[in-house]
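This report concerns only the one structure given below.
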Amino acid sequence: MNSRDSFSLNPNLLSSLTSFHSFQEYSGSNFRLPVKIRIPPKKFCHRALTISNEVPQNADFPRYYSKKEKKPFPTPIVELRRAARERLKRMKDVPRKPMSAPRNGLLVKSLIPTAYNVYNARITLINNLKKLLKVVPVHACGWCSEIHVGPVGHPFKSCKGAHSNIRNSLHEWTTAYVEDILVPIEAYHLFDRLGKRIPHEQRFSIPRIPAVVELCIQAGVEVPELPTKRRRKPIIYIGRKEFIDADESELPDEVPEEPKKPLLAEIPDSEIVAPLNNEETVRIAEETLQAWERMRRGTKRLMRMYRVRVCGYCPEIHVGSSGHKAQNCGAHKHQQRNGQHGWQSAVLDDLIPPRFVWHVPDVSGPPLQRELRSFYGQAPAVVEMCIQAGAALPEQYKSTMRLDVGIPSTMKEAEMVV
């Protein structure tokens, strides 16, 4: 072998060259081996450093749906059909399993405390909102459903009520009440949630209660004024949609249990007392914000097990597996449907509408300006009230409030913004 021969070695095998040094030590003679090492250039992948966060920095406002268009399905209909086909293939050769609660008529035991928490959180929220209305000014338009939280109403031309063209779409602000902030969504109270659907002829004979209360009752809350049927054994299906109740005569007599948690009651308007000082106002605002989050979080958890339906054309809500048959839909082109509702799965905002309002950056500063509308953010009315009362701002609402957007002081400065 010629001493001038060169070798190309992999850089990862450089550790093997240590054997030459050890050979040179023990042999006592000089051994020269010129080695030419070729190291291939490494390919570096340049990746941009991104910081991910669950809450985006800025988010779009909730889309406003016209009364003439139908609400979108929470899950696209194509995906629902695909999932149904896959479910039929998967269950084709599998023996039918007994249904689990609540489809078999029994209650989900683990969700009963959640139902009581949601019921009491709603009562706490209503009572605290009545107290905050004594110190936080809230305005409601006399012609449309829009409200505004602040010392004076906003100047934006967004009124869609009657005779809005005469008023140039300007709002006429009046005093707001709790019903303007927390929208009362009602539903029929079902004595048996697995019973037959409510016919059109019985639409006036069945009581209507708040939809959140009906959901809590079906989930296990015992309200003496609103009785409901509780089963102690699973139902027995005798057909695809027909079933009979199991015989419960063998069971011992049921002992009436005390409520799992004491139920709160609403305070009458005549007994509402305004907060005495700023510290009490801040405490009530914090408690109100916690009740709002607790009610929404618990309701979302209940809706995963107990089905809630909403009309795709109007705000009608039905708590149950299938919607009622009352032909009282008055939405766009209801004559073509003979007043029947277009039932679909409901989402949390259908049951508890957040009612987004314009965020006032500085309550003691100048009012909102019409020309700077694109620089202002929005937040749910309950959240905006609590923030103006002194509560800490939750993280999940910062994206729509646009807190990091600088508001120009003059129109000349706003025109320079790209």
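The values are calculated or read from the model by the stated rules, or taken from the named source; none is laboratory data. Bear in mind the structure is a predicted one, so any value in this text is a computation, not a measurement. Every residue, glycine among them, receives a Cβ derived from its backbone with ideal geometry; neighbour counts consider all protein chains shown. We work out accessible area using only protein heavy atoms, side chains counted, and drop any ligands, DNA or RNA first. Shrake-Rupley method; radii C 1.70, N 1.55, O 1.52, S 1.80 Å.
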Note, ³J(HN,Hα) from phi for region 369-384, Karplus 6.51, -1.76, 1.60, rounded to Hz, x at Gly and Pro: 9, 5, 6, 9, 4, 5, 9, 8, x, 9, 8, x, 4, 5, 5, 5
Options I198, W143, L170, ranked by Cα towards positive dipole end of region 133-206, top entry (Cβ charges): I198
Exposure rank, largest accessible area first [K196, K109; 1.4 Å]: K196, K109
Heavy-atom accessible area order for K130, K97, K71, largest first, 1.4 Å probe: K97, K71, K130
Region 140-219 - percent relative contact order, Cα under 8 Å, separation 6 or more: 26
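How do the peptides 374-381, 341-348, 210-217 rank, highest first, by the average count of neighbouring beta carbon atoms within 10 Å per residue? Don't skip to the end; give the middle numbers.
On the way: 374-381: 19.2, 341-348: 17.6, 210-217: 24.1.
By packing density, highest mean first, the sequence is 210-217, 374-381, 341-348.
In the neighborhood of C144, defined by Cβ-to-Cβ distances under 14 Å, what is the net charge if each Lys or Arg adds +1 and each Asp or Glu adds -1? Don't jump to the answer; show the numbers that get you there.
Numbers: positive: K67, K157, K160, R167, R355; negative: E146, E172, D180.
Its environment carries a net charge of +2.
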Segments 403-415, 317-329 sorted - mean Cβ within 10 Å per residue, highest first: 317-329, 403-415
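Express the accessible area of region 82-210 per residue in Å², computed with a 1.4 Å probe while the remaining protein chains stay in the model. Kindly include the intermediate steps, with their values, before the conclusion.
Numbers: 7440 Å² over 129 residues.
Dividing the accessible area of region 82-210 by its residue count gives 58 Å².
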From phi via Karplus (6.51, -1.76, 1.60), per-residue ³J(HN,Hα) for region 209-217 in Hz, x at Gly/Pro: 10, x, 4, 5, 5, 4, 5, 5, 5
Linear extension gain, M416 paired with E79, 0.36 nm per residue minus alpha-carbon span: 116.7 nm
Heavy-atom accessible area ranking, 1.4 Å probe, most first, across S270, S399, S169: S270, S169, S399
Unit charges on C-beta of K, R, D, E only; dipole of region 79-130, Debye: 340
